[in-house]
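S.K.: Here you go, one structure.
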Amino acid sequence: MSFLGRNKRTPPVFSMMMSKSLLVSGGHYNKKQKRSYFSRRLVFLLIAFMIQSMLFYSVYGLRALSLLPFSTSGQTKSLLGILLVGKSDVYTLQDWLHRHVGLFEKLVVIDGSENEWVRDLVQNYDDDTTNKNNGRVDMMKDAAVPQQQQPQRRRRIYWLSEASLNLTVVTDQSLRAPAMSILGDPVGKWIMICHADEFWVMDPRPLIDSALSRNQKVNLIRVSTLTASPLESTYHKTVQLLEEEPALLYNGSFHIQQVCNWAHHPKAPFGKFTMANGENRLVQWQEGMRWGTHKHSLVVPELFDDYVPGRIGFYVHFKMHDFSKTAMRGDGYRFANSKLRTGLHNESNTEGWMGQFLDVSFPEALKSFPPRPLEAAIQQHCKDRQFRPMCSSSLLLPWNVEARFTSLGQQDIR
């Protein structure tokens, strides 16, 4: 086809303009007309490019730069939860319940702690989030109050003893499966995979709605982790204090947030522990979904293949939260129930961290990359463009021991 004809690279509007020019000039295409044609075409293409760019960045670019707020429908009012409690979780459980219980329509606690205080705390916990105290009681005294004398209310928290389940295979799958006897077959409901050493920073409910607004097929949510650890010096002082005054743990005076309150320097060799990990923590229950038995590392139902993942937010993971004297082996540093070998020269002297920041054993290792206060680390991560819209005042829960999520999706910071 000739240059003057209409081809794939010549838009119809320019073909028409060229034909009209040729008719006016009697069929001859002079240099002035040629320059005019190319000028008009350049202006047209420039305008089209600008419009396309504006549309693209308004939809995708600003969202990627976190300049647009998340779109939330407000449909997710409450969650279902399955919380596994181990022996070391006695140091975090009361604070965890206080902060998170308002998120749940039902919360099933699978208790493997073999601790009577944990049983009493959960069974007698004041799960009425309109109550000012909300569990902030001396359980050593109030556990003796007969349950029939307590005010009648709709139950939110359910306790199951791991020992009573008589499991032949103990995995993350088999432990969570019995919770469905209480939760039923809640197709369409979102279930949080809970751990007592993981504290949410932002309200997950509107974040779920935001993920669904971008893809209605999402049924699995991955969440980033911000690792928190104590200073070695603080750790040993706390172990000694709780050994001398164990009532501090049970009367609500001990708070994990005030002890494990340091995070990695962002450029530290072990800084990857700060945010690199993403964990499956929210799953929407589907028709035919079931827990399995053998996949211990898989925390969501094993017997389901059609997962569509999304990713939202971050939570704080208290990496070292066992303050019992028996947590330490004879060498004074090796933790009995953990792969962390804190304090061992060949394991941690180069980074100055292995579960806790070794300000006593290897102070020189911390000088190059000193740890950050945890609250400052949270604020810094909220400035990151991927988390910025999630850290709005309506979604972010203050980082203090009194703050708690409520059943209405609002925060109570008293």
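S.K.: Sort out for me the Cα centre separation of the range 278-314 from the range 353-387, rounded to whole Å.
M.R.: The range 278-314 and the range 353-387 have Cα centres spaced 31 Å from each other.
S.K.: Given charges of +1 on the Cβ of Lys and Arg and -1 on the Cβ of Asp and Glu, with all other atoms neutral, how large is the dipole of the range 148-271 about its Cα centre, in debye to the nearest 20? Let's see the in-between values first.
M.R.: Numbers: 12 positive and 11 negative charges, 154 e Å.
It works out to roughly 740 debye.
S.K.: Another one. Could you check the spin-label model distance between I51 and V360? Points 7 Å from the Cα along Cα→Cβ, value in nm.
M.R.: 7.1
S.K.: Given the pairs K189/K295; K217/K383; K106/K189, which span a C-alpha to C-alpha distance of over 18 angstrom in this model? Numbers along the way, then the final one.
M.R.: Numbers: K189/K295 23 Å; K217/K383 29 Å; K106/K189 11 Å.
With Cα atoms farther than 18 Å apart: K189/K295; K217/K383.
S.K.: Right, something else. Can you run phi through the Karplus equation (6.51, -1.76, 1.60; θ = phi - 60°) for the range 300-309 and list ³J(HN,Hα) in whole Hz, with x for Gly and Pro?
M.R.: 9, x, 6, 8, 6, 10, 9, 7, 10, x
S.K.: Sticking with this one: I'd like to check one number: the per residue accessible area of the range 82-126, probe 1.4 Å, reported in Å² as a whole number. List each step's numbers first, then the result.
M.R.: Values: 1070 Å² over 45 residues.
Averaged over the residues of the range 82-126, the accessible area is 24 Å².
S.K.: A follow-up question, please. If you plug each phi of the range 117-123 into the Karplus form 6.51 cos²θ - 1.76 cosθ + 1.60 with θ = phi - 60°, what whole-Hz ³J(HN,Hα) values come out, in order, with x for Gly and Pro?
M.R.: With the stated coefficients, the range 117-123 comes to 5, 4, 4, 5, 4, 6, 5 Hz.
S.K.: Which ³J(HN,Hα) values in Hz, rounded to whole numbers, follow from the phi angles of the range 281-287 under the Karplus curve 6.51 cos²θ - 1.76 cosθ + 1.60, where θ = phi - 60° and Gly and Pro get x?
M.R.: The phi angles translate into 10, 9, 9, 8, 5, 10, 4 Hz.
S.K.: Can I ask one more? Considering only protein heavy atoms, what is the solvent-accessible area of K295 at a probe of 1.4 Å, reported in Å² to the nearest 10?
M.R.: Estimated to the nearest 10 Å², K295 gives 110 Å².
S.K.: In square angstrom, what is the accessible area per residue of the range 213-303 with a 1.4 angstrom probe? Before the final figure, lay out the partial values.
M.R.: Values: 4300 Å² over 91 residues.
Per-residue value: 47 Å².
S.K.: Sticking with this structure for a sec: Give me the number: length gained by fully extending N400 to F44, i.e. 0.36 nm times residue separation minus the C-alpha to C-alpha distance, one decimal in nm.
M.R.: 122.4 nm
The values are calculated or read from the model by the stated rules, or taken from the named source; none is laboratory data. Keep in mind that what you see is a predicted model, and the values were worked out from it rather than measured. Counting neighbours? That spans all protein chains shown, and the Cβs are built from the backbone with ideal geometry, glycine included. These accessible areas exclude ligands, DNA and RNA; they are computed on the full protein's heavy atoms, side chains included. Shrake-Rupley method; radii C 1.70, N 1.55, O 1.52, S 1.80 Å.
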